[in-house]
Every structure is written in structure tokens, then in C-alpha cells.
1. Which of the numbered conditions does residue A:141 fail, given that it passes all the others? Conditions: (1) over 21 Å from residue B:26 (Cα atoms); (2) outside any helix (DSSP H, G or I).
2. Does any residue of the range B:151-171 turn out to be farther than 24 Å from residue B:84 by Cα, within 12 Å of another protein chain (Cβ to nearest Cβ), without any contact (Cβ under 8 Å) to a residue 40 or more places away in the chain and not in a helix (DSSP H, G or I)?
3. Consider only pairs whose beta carbons are under 8 Å apart and that are at least six residues apart or on different chains; among these, list those whose first residue lies in the range B:107-129 and is within 7 Å of chain A (Cβ to nearest Cβ) and whose second residue is at pLDDT 90 or above and not in a helix (DSSP H, G or I).
4. Just to be sure, is residue A:31 surrounded by 11 or more Cβ atoms within 10 Å (Cβ to Cβ), at pLDDT below 90 and assigned to a helix (DSSP H, G or I)?
5. Could you go through the range A:132-153 and let me know if any residue there is buried (at least 22 other Cβ atoms within 10 Å of the Cβ) and over 30 Å from residue B:275 (Cα atoms).
6. Given the residues B:143, B:147, which is the only one that is at pLDDT below 90 and part of a helix (DSSP H, G or I)?
7. Residues in the range B:81-104: is at least one more than 23 Å from the chain's Cα centre (by Cα), part of a helix (DSSP H, G or I), more than 14 Å from every other protein chain (Cβ to nearest Cβ) and at pLDDT 90 or above?
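The values are calculated or read from the model by the stated rules, or taken from the named source; none is laboratory data. Computed from a predicted model, the values in this text were never measured in an experiment. So basically every Cβ, Gly included, is an ideal-geometry build from the backbone, and we count neighbours across all protein chains shown.
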């Protein structure tokens, strides 16, 4: 965009501002309410008018939650599954992305078509047989049932292929080959060290998706000690005698890591999550 | 040299192998097996060994199950009521953010995108509290607004039992889904707007067009490919809706099943009632609906574009 173009730009009128600001408030207000409510006792949350500023009961609410669920264990599983899922996804997607970006091979086109096609298959179709497979493999209540099946997502392969094509010159690979570097050596010693930014984006996306995953653990995790955090939080919900303060505090715990990640890398995340759409 | 060539020939297959293996085991096989399951029936207690072929029994049972139809209606209602407003709001919003906001653009995009990356469970719990009957913040707000002269006639006199009556469950679920995904669509449209050639705008400006007319005659037509993409995503995603209504209605779909989507009913059929064959039939029914509506969307955009 040229300097002139931006100078010529019309500025936002009052109606536009109102629309944007009210919309923005509507996006943020529920988060604000969640954070404020998490610091109040249940009886205070439902005062009229509801509390608008922070109270002092956050730790009490967490204590209530800890009485209901094995808090640290659930949080630990979420972290564990998230980290392994991210590591495997980065490995598998960068491998496949490298193959599609830097090699000519006979099955390249059909295989890449397959990658793209998996994006279109609704996940619920395989849900029941997937559960049966997990059952057969005795993977029920096993974290690997959460991180392994989804460890080579099409979106990640696509992202990696795009990045490798644009950021790693083929001459570099040829030069390494001339120097006697093996094919897998080229991947490990030349390509992987250059993938930093792509790893960052895909890693964040994968971790967030794993952290938020609900259906996966809902189907394969049966005992409370194996629940990931969102599933454990859901189990505290009950039609009668809902501990709203504790639920809000738990929601804050579920959302806070995402907020921190997002504040530091929102541009990268937005670019990564919409990359497929923009390219197509 | 020839050894090099063979290495170069097999290396890509080694590199792609993890994807292929995972796809075969956890992608293709389950879908194929799900198709087989649709024609089978067995006693869940005795296990898969008692499985027997029952032909189209599951499918016809599903088609005669009134709850399947209720759930399909709910799903369609929710997909339209949450999907359509998303795009109607996202397009002008993207225009304001992209064309008029200047230095605030990234901050605004961040704010609107935030709900998309947060945990569904946390979101649903939060909205569950805001819409709770007796003292929820929404009811409290309506009550205090009802004190004002003009609004008192328009607003409900007492507290609204949002999640406890069939008429309000769906709107609340739709609102939550709208709130969660409107920012994602906005970002898609911002990205599409950035790829519109600037000289189109320059030319329009030289012709004396401004503001509204530029948006209507230049921006909107250029957005069509992204609209097609975005609406298709909303159709496919909206028809699979599961998590938000599942958590908001405590997994059961709420009173009179008003908030039970087809994906939820499939889940319950499989994991609460233990009928995997029937659940598979329901999942293929839903797949057929998604396929048809995706094709309809495709057709609609093609016709409009000429």
C-alpha cells in the first residue's frame, strides 16, 4: 500500500466507530465477566446487579474445584497431550510437507490430493469405528488415543509445504546432496533448522487445538483420573447446585494460557489459521 | 550416482509414510467400517462377535425415528440462525477494519478473533451462567432495563428461563455460535479485501464514487470467492454442530430436545444407548444432508455469479 493511498483513505465515521466498539465490547465482555465472576462466591455472582469488579475468592473457588476433580492431574494430562501432540505433528507434517515441496515422485499428485481430501471429510463419520478401534487396541483411557490419530493433519502438511517451497531454495538441497549428505540427512540437518517460523505457527495452532479438544477425550477417556482439563471441568457442571464460582475459576484456568499465547502471537496465529483460505 | 537416484526415489515415500499410515488406520478404515456398521446389528453386551447383517434395517429405523427428524430440524435451524448473521455482520465489519481503521487494525482483528481460539467448554460454561434463570447477568440486565419507561412494554416482565424452555434454547445456542465464529469470518474477509487490487479503488475514487458506493460496487463483488468459501465452511461446520449445544444443554439436548443437534443424537445413540449400527446410519444420513447442502451452496453461488 502506498503512502498516498493510506492518506486518501476515508476515516471511520461515528456510526462505524459505534459498530466496531460495541462489537468489540461484545467480544470481550463475556471474558471480563468470566474473570470477575471467578473471584466471587456463588452467592455474590448472582447478586442483582451482578458484580462488576474483582473480588477475593479466586483461590477459594479453585479449592472447591479441587474437591470435585483431581485438578492437577487433569491439568497435567492436558499439558502432556498438548506437548506430545505438538511435537508429533511438527515432525510428521514437516516430513510430509518437505516430500511434497522438494521431491518429484510418481504418487505425488494422488497423495497430495488425498491430503487435501481429508480436510473435507467430516470427522463425525469415523467417530464410532474410531472408538471401536481404540477399544480393540486397549487405548481407552490412554493419552495416545488423543495425540496419535490426529498427528498428521492436512492443514499442517499444507502449511509446511507452502513454507518450504517459499523459504528453502532448491539449490541449497542440491548443494547438500553434492557434498554427500543423505536424503534424510538433508531433512534433518538442512531443512528442519530452517523451519523455525513455520514450526512456531503450526506448533501454536496444534497446541491450542489439543488444549481445547473436547470431543476426543469425551469419547476415549472414561475415568476422571484420565480426563483432560476441559472434560473434567464439564463433569463439575450439574443441573442442580451448580458451583458457578468454581466453574468460572476453572474456565479462567482453561482460557488463561490461550490468552497469554494469543497476546504474544495473535498476528502469527491469525495468519496461520487463515492461510489455507487465503491461498485457495 | 544411480544409488543417489534410488535414494531420491524412495525418500519422499519414507517422509510421507507417517501421514499415510495414520490416514489409513484412523481416517480411511474407520469411515469404511462405519459404512459397514450401518448394515449391522449386535448385542452391545456380547460384543462385536454377535454382529449380524440386517440390511437396511438401521437406515429405515433411523428414518422412522421422530427424534432424528427433530434433531435435523434443530441442526438446520441452528446452522441458518448462527451462520447467516455471521456473514452479514462479518463483511461490513471486515470492511470497516480493513479500509478505515489504520493503526488499530491488528488490535481490532485480535479482539474479534479471540473467541475462536478459546475453549468451547469455558465459553459454554460462561454463557450458561450469563443466561441462567434466576439471577443470570442477562436477566439482571433485562430487569434493570425494564425499569425505563419505553422499554418496559417491550421487555419480559419476569426472569426468562433461557435454557429451560424450548423457545429460547435454540436462540441462545445460535448466539453463542455466532459470537464464537463471527471474528473468524471477519478475518477471512479482511484477508480477501487485502488482495483486491488497489487501483480498482483508485479508479472508483477518480470517478467520484465514495464510501457506500465503493463498498457496494467494488468491494462486495470482489469478495464473492471468499463468500463462497466462507459460507461453505459455515454450512459444513454448522451442520456438524456438537460441542456448544452439548455443553449448554448438559449433554441431553434440553427440554423437548430443543437444543439437540443430529451430531449430538448420533453420539447419544452410540454411547448412551449402545446402538452403534443405528448411530452409524444416522451419521451417514447427516453426511448426505451436508453433501446435498454443500452442493446447493455451490450452485447458488454459481448462479448468482453467472
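1. (1)
2. Looking through the range B:151-171, at least one residue is farther than 24 Å from residue B:84 by Cα, within 12 Å of another protein chain (Cβ to nearest Cβ), without any contact (Cβ under 8 Å) to a residue 40 or more places away in the chain and not in a helix (DSSP H, G or I).
3. Within 8 Å, the pairs are B:119/A:214; B:120/A:214; B:121/A:214.
4. In short, no.
5. The answer is yes, given that some residue of the range A:132-153 is buried (at least 22 other Cβ atoms within 10 Å of the Cβ) and over 30 Å from residue B:275 (Cα atoms).
6. Among B:143, B:147, only B:143 is at pLDDT below 90 and part of a helix (DSSP H, G or I).
7. No, the conditions are met nowhere in the range B:81-104.
Each row is one residue, and each column tells you yes or no for (1) part of a helix (DSSP H, G or I); (2) within 12 Å of chain B (Cβ to nearest Cβ); (3) in contact with a strand residue (DSSP E or B) (Cβ under 9 Å, 6 or more places away or on another chain); (4) in contact (Cβ under 8 Å) with a residue 40 or more places away in the chain.
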position: A:145; (1), (2), (3), (4): yes, yes, no, yes
position: A:163; (1), (2), (3), (4): yes, no, no, yes
position: A:173; (1), (2), (3), (4): yes, yes, no, yes
position: A:181; (1), (2), (3), (4): no, yes, no, no
position: A:188; (1), (2), (3), (4): yes, yes, no, no
position: A:203; (1), (2), (3), (4): yes, no, no, yes
position: A:208; (1), (2), (3), (4): yes, yes, no, yes
position: A:231; (1), (2), (3), (4): yes, yes, no, yes
